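Data block below; observations after.
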């Protein structure tokens, strides 16, 4: 693990600890009553907010991955983007875990661990939620492949990495279909973010075609 990653994780832990201490000293009892109330929506809000953050980080990781695979940047800039790519992907999975676990406290749906872990078992919007669960597993496999790249070989790892686009696509469909708070503004934001990914893919494909033509001329 590189130094900047360690520093970033340390900063995150420090901010979290400071926030936790402030919360404990300023209203823990009131929050406990709120969370325990039968009609509370705190867990739903927690799940929705962390879901949006996770999706944004997944989008960022996807954009960075496309940029790196197209060799848009080189040298130190490429190394920094690669580190940010890995970090944002891991952070997306972290928020994804909170997104899923927060639903265990939801008083309306009342899912259990099986509903959370097994795709297409959720009682509400089953198909849309199931697609999100599949996206989570695909993203986890792709991220986990970073740690076994030397054993699997570069070609297999690169082929598996293309599944990241599937994870992003499934997550997008899940967000639009399962999100009860999706409106015109959020829909436009999601469409715009998807357009950015499409443009980057187009530029990457165009750049690779140019390289192939140059090699053919040589």
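Points to keep in mind about this one:
- Criterion: surrounded by fewer than 11 Cβ atoms within 10 Å (Cβ to Cβ), modelled with pLDDT under 60 and assigned to a helix (DSSP H, G or I) - qualifying residue of 17, 8, 24: 17
- Residues (in contact (Cβ under 8 Å) with a residue 60 or more places away in the chain and not in a helix (DSSP H, G or I)) located in the stretch 151-179: 179
- Selection from the stretch 118-150 of residues that are part of a helix (DSSP H, G or I), surrounded by fewer than 16 Cβ atoms within 10 Å (Cβ to Cβ) and at pLDDT 85 or above: 126, 127, 137, 140, 141, 144
- Selection count, the stretch 96-129, where residues are within 19 Å of residue 49 (Cα to Cα) and without any contact (Cβ under 8 Å) to a residue 60 or more places away in the chain: 15
- Some residue of the stretch 90-98 being assigned by TED's automatic domain parsing to the domain that holds residue 59 and at positive phi: no
- Among the residues of this structure, residue 115 does not count as one that is modelled with pLDDT under 90 and surrounded by 15 or more Cβ atoms within 10 Å (Cβ to Cβ).
The values are calculated or read from the model by the stated rules, or taken from the named source; none is laboratory data. Keep in mind the model is a prediction, meaning the values are calculated, not measured. Counting neighbours? That spans all protein chains shown, and the Cβs are built from the backbone with ideal geometry, glycine included.
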